[in-house]
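The values are calculated or read from the model by the stated rules, or taken from the named source; none is laboratory data. Model, not experiment: these values are computed from the prediction. With ideal geometry, Cβ positions are generated from the backbone for all residues, glycine too; neighbour counts draw on all protein chains shown. When the accessible area is computed, the model is the full protein with side chains, heavy atoms only, and any ligands, DNA or RNA have been set aside. Shrake-Rupley method; radii C 1.70, N 1.55, O 1.52, S 1.80 Å.
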Amino acid sequence: MALARQDGSRPAAAPRVVVVDDDEQLRGALRAALQDAGLVVIAEADNGRDAIDLAAHFRPDVMIMDIVMANIDGLSATHQIVERAPSVRILLFTGSDDLDLGMVGLRAGAAGHLVKGVPVSDIVAAVQRMVAGEPVVGPDLTWRLIESLRGLPVGGIGVRPVRSKLTPREWEVLDLLCAGMTVDQISDELVLARDTVRTHVKRLLRKLGAHSQAEAISIANGIRATFAATGRDA
């Protein structure tokens, strides 16, 4: 039970973290460093399937997620966690400095990306920044993001507002609808069951207040045009 301070207020709860990596020694080092910094490691996992279950059960503030793991990889797990528990911020922790892999991770819904080998203190600082609401992206990956943004078509496909009723996956489906893809093509592109894609389409139509895919595309184009031009949500 949290005790009240002398002024009558209650201390803020310590940020809660889940560490997901198949290297037990690394998990132990991260747990010790995070807890020394006043963060609470509430759970650990060594595979993506358990990570998904832990995110749904605990709704931690931050998950540190390895990418290469057995069972379900970190990218697939990130996709599912962000869809089911969008408040959970995921810091991808990868042994590769491949910027394209980092881009895929951010597109999957991660809010941060670090390459293994950085000092443990940098990881702790990254988690603290993410708890405070900041993304954590290195300078090389930031430049890659800028280059990809500059390469977007004039219509703005791929641009997504900061605040939106749609989940990242729903925006992904909507982007592909805007690109002219059918449900079957989207299913193949995203490696999703066709019924799952149809469910996403129904949900995004409802959230946008659209009565057809064509109307949803029109609304999305208007939202993106406003955001791309002004940096503000419509």
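Within region 192-214, find all residues whose amide N lies under 15 Å from a label point positioned 7 Å from the Cα of residue 182 along Cα-to-beta-carbon.
Correct set: 194-195, 198.
I need the calculated FRET efficiency for the pair residue 40 and residue 118, taking r as the beta carbon distance and R₀ as 22 Å, to the nearest 0.05.
Values: r = 22 Å, r/R0 = 1.00.
In this case the efficiency is close to 0.50.
Classify region 13-53 as rounded, prolate or oblate from the Cα gyration tensor: take a ≥ b ≥ c as the square roots of its eigenvalues, call it rounded if a/c is under 1.5, otherwise prolate when a/b beats b/c and oblate if not.
It comes out oblate by the Cα gyration axes.
Roughly how many percent of the accessible protein surface of region 1-136 is carbon and sulfur, given a 1.4 Å probe and a whole-percent answer?
49 percent
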